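Heads up, the thing below is written out as structure tokens.
Just so it is clear, none of the values below were taken in a lab; they were calculated from the coordinates. Not measured: the values here are computed from a predicted model. Neighbour counts run over all protein chains shown; Cβ positions are idealised from the backbone, glycine included.
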Amino acid sequence: MTENREVVRVSGLTVRFGQAVVVDSVSLSVAAGECLAIVGESGSGKTLTARALLGLLPDGASVDVDELVIDGVDARNYSERDWRRIRGARVGLVSQDALVSLDPLRRVGAEVAEVIEIHGARGSVGRMSRAGIADRVTGMLGRVAVPEPEERAQQYPHELSGGLRQRALIASALAGEPGILIADEPTTALDVTVQAQVLDLLAGLRADGLGIMVISHDLAVVSGLADRVAVMKDGRIVEEGVTTEVLSRPQHPYTRMLLAAAPRLGAEASPIGAAPIVQEVVLEATGLGRDFRRPDGGVRSAVDAVSLTVRAGAAVGVVGESGSGKTTLARLLLGFDTPDRGEVALDGRAWSGVPERRRRARRGDIQFISQDPLGSFDPRFTVARIVAEGLRGDARRASAAGRATRIRQLLDSVGLDASLESRRPHELSGGQRQRVAIARALASDPRILVCDEPVSALDVSIQATIIDLLDTLRRDLGVALVFVSHDLAVVAQLCDEVLVMQGGRVVESGSTDRVFQNPQHPFTKALVAAVPRMP
């Protein structure tokens with residue numbers, strides 16, 4: 001590795017949309033073998049800064065920059081044709097959602113091969129042979145620790161796990177041997193064990209001399225990977241320095257706010273409050289099982305012999321890796337799917353195995369909040385109409401003035417101003433959309449909220465606001481929560497009890513403090529050990 005060789009240097013970077021300045025005089029650098037993290041809330045300008053280094057700013061953006069050097073090349077006056085020549089060859093990109101970034105109709109090996117076919121291998125002369133490209137593809141997949149790379153190269157993205165898809169995306173980004181890798185939220189949607197594998201891979205690449213720029217809102221991930229961190233707010237870098245110094249002794253009030261909002265796991269965690277007084281059981285599942293037919297004709301049990309009890313005002317967390325059965329369990333509790341074995345009771349009355357026409361009047365008692373509220377909204381609807389969807393029959397039949405008053409009350413209960421009533425989903429921030437989803441769920445005065453990864457894609461400050469809101473609902477209104485998540489620190493902060501799932505079964509359960517601070521099952525121990533820690 002070449003010590004101190006800069007692979008990125010930018011100074012005075014300013015990005016505008018019309019008269020609005022969204023990135024303001026940003027200067028930064030990354031050396032070979034170094035990782036720089038850019039952190040900040042949504043809208044802070046961190047992703048636009050990174051995309052400027054790839055020539056990928058959206059239409060309507062104008063750029064001014066005093067200096068822009070990418071892997072030794074002055075890119076200030078590049079045309080789109082010039083940018084296409086260096087993307088992949090000198091700078092690589094890894095995005096958050098590998099399943100979206102990879103072509104679903106193309107084999108993984110073809111994705112990696114495309115970069116080699118376009119750019120060749122650094123130092124090679126002329127076009128590589130088909131056999132040479134195939135060898136390089138398997139070599140790249142092997143370099144990023146993809147097992148059985150020859151076999152994986154022939155598979156499609158949907159046939160790979162989330163961790164393997166992310167590794168394949170990294171292999172594609174590295175195939176042209178760039179000097180700098182830009183990773184935009186590369187682990188946000190991953191389970192803690194897969195997240196740890198990807199972080200270990202990135203750390204290994206950095207040790208081999210690759211310069212890495214990570215865009216992230218996860219300060220714990222940043223603390224374990226980055227050498228330096230730049231904190232962005234309102235388009236400007238407000239604090240920059242060695243990661244351990246910035247995260248342990250922050251100087252700027254905004255940095256201190258971000259750190260205070262970040263959830264923590266372990267002895268340093270500070271639960272929101274004590275467990276609620278034992279109350280009546282509102283949801284009970286006994287011996288639940290759900291099977292799915294495999295392509296080869298076999299049967300896979302996505303959920304097997306799972307039981308849980310949820311009391312009014314309590315919060316029960318469900319954690320585990322992708323494929324462990326968490327979401328299938330949530331669908332069974334909601335009555336979206338029918339169990340093959342076992343039963344679910346809502347307020348002591350049968351809920352599973354009951355015709356939907358008999359459940360319809362009780363649907364409002366149990367509501368769902370998903371990770372992606374935007375996907376559950378009609379993009380043509382205003383906020384007021386979206387919230388009105390959740391109103392029960394009596395409220396729906398009220399006068400227009402009565403409905404409007406109720407909608408404003410619901411928006412106020414989740415911390416949203418009534419001025420947002422006329423906006424549509426695309427005009428809201430991620431945190432605002434999640435609050436609208438909660439307002440819609442609350443419109444029916446539910447007894448239970450089932451939440452499936454509701455905060456994993458949110459910035460730490462917005463995440464903290466949503467967690468506080470959910471905690472207020474359970475403590476002030478007695479709403480029970482079933483909280484499905486891969487983020488153990490969030491579960492530790494919000495939930496009283498936790499179920500740990502592996503292979504469709506519950507392998508450990510109990511109070512959240514006991515399970516996370518003194519895990520008994522080897523799988524739980526592995527999950528806890530994989531959680532990145534703050535300094």
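Lys and Arg at +1, Asp and Glu at -1: add these up for the other residues within a Cβ distance under 9 Å of Asp365 and post the number.
Local net charge: +1.
When His217, His119 are ordered from fewest to most other Cβ atoms inside 10 Å of their Cβ, what list results?
Lowest count first: His119, His217.
How many nm separate the modelled label positions at Arg130 and Thr472, each set 7 Å beyond the Cα in the direction of the Cβ?
6.4 nm
With runs of 4+ DSSP H residues as the only contributors, calculate the mean residue ellipticity of the chain at 222 nm using -39,500 (n - 2.57) per run, divided by the residue total and rounded to the nearest 500.
One gets -10000 deg cm²/dmol as the mean residue ellipticity at 222 nm.
Using a Förster distance of 25 Å, how high is the FRET efficiency between Arg81 and Val21, based on the Cβ-Cβ distance and rounded to 0.05?
After rounding to 0.05, the efficiency reads 0.35.
Mind checking which lysines have their C-alpha under 28 Å from Lys233, skipping anything on the same chain fewer than 8 residues away?
Output for Lys233: Lys46.
Apply 1/(1 + (r/R0)^6) to the Cβ-Cβ distance of Arg514 and Asp227, taking R0 = 35 Å, and write down the FRET efficiency to the nearest 0.05.
E(calc), rounded to 0.05, equals 0.45.
Could you state the per residue volume, in Å³, of the convex hull enclosing the Cα atoms of the chain?
Output value, Cα hull per residue: 167 Å³.
Considering Cα pairs under 8 angstrom that are at least six residues apart, work out the relative contact order of segment 14-140 and quote it in whole percent.
Rounded, it is 17 percent for segment 14-140.
What share of the DSSP beta bridges in segment 1-109 is antiparallel, in percent to the nearest 5?
DSSP beta bridges in segment 1-109 are roughly 95 percent antiparallel.
What share of the DSSP beta bridges in the chain is antiparallel, in percent to the nearest 5?
Expressed as a percentage, antiparallel bridges in the chain total about 55.
With label points built 7 Å along Cα→Cβ from the Cα atoms of His521 and Glu356, find their separation and express it in nm.
Each label point lies 7 Å from its Cα, and together they span 3.2 nm.
Given a Förster distance of 22 Å, report the FRET efficiency between Glu427 and Val100 from their Cβ-Cβ distance, rounded to the nearest 0.05.
Approximately 0.45, to the nearest 0.05.
Round to the nearest 10 and give me the degree value, 0 to 90, for the angle of helix 430-442's Cα axis relative to the longest principal axis of the chain.
10 degrees
Length gain on complete extension for the stretch Val73 to Asp337, per 0.36 nm per residue less the alpha carbon to alpha carbon distance?
In short, 89.5 nm is gained.
What is the chain's relative contact order, in percent, from Cα pairs under 8 angstrom and six or more apart in sequence?
Here the relative contact order equals 16 percent.
May I ask you to work out the translational diffusion coefficient for segment 98-177 at 37 °C, viscosity 0.692 mPa s, via Stokes-Einstein with Rh from the Kirkwood sum over Cα pairs, reported in whole µm²/s?
267 µm²/s
Rounded to whole Hz and in sequence order, give me ³J(HN,Hα) for segment 209-221 from the Karplus expression 6.51 cos²θ - 1.76 cosθ + 1.60, θ = phi - 60°, writing x for Gly and Pro.
3J(HN,Hα) across segment 209-221, in whole Hz: x, 7, x, 10, 10, 10, 9, 7, 9, 8, 5, 5, 4.
Counting only other residues whose beta carbon sits under 11 Å from that of Thr524, what net charge do I get with K and R as +1, D and E as -1?
+1
Remind me, relative contact order of segment 98-177 in percent, using alpha carbon pairs under 8 angstrom and six or more residues apart?
That works out to 49 percent.
By how many nm would the segment from Thr382 to Ala260 lengthen if fully extended, with 0.36 nm per residue of separation less the alpha-carbon distance?
Roughly 40.5 nm would be gained on extension.
Sorting check: for 106-112, 511-517, 298-304, which peptide has the highest mean count of neighbouring beta carbons within 10 Å, and how do the rest follow?
Output ranking for 106-112, 511-517, 298-304: 106-112, 511-517, 298-304.
What does the extension gain come out to for Glu245 and His158, with contour length at 0.36 nm per residue minus their alpha carbon separation?
So the chain would gain 27.2 nm between Glu245 and His158.
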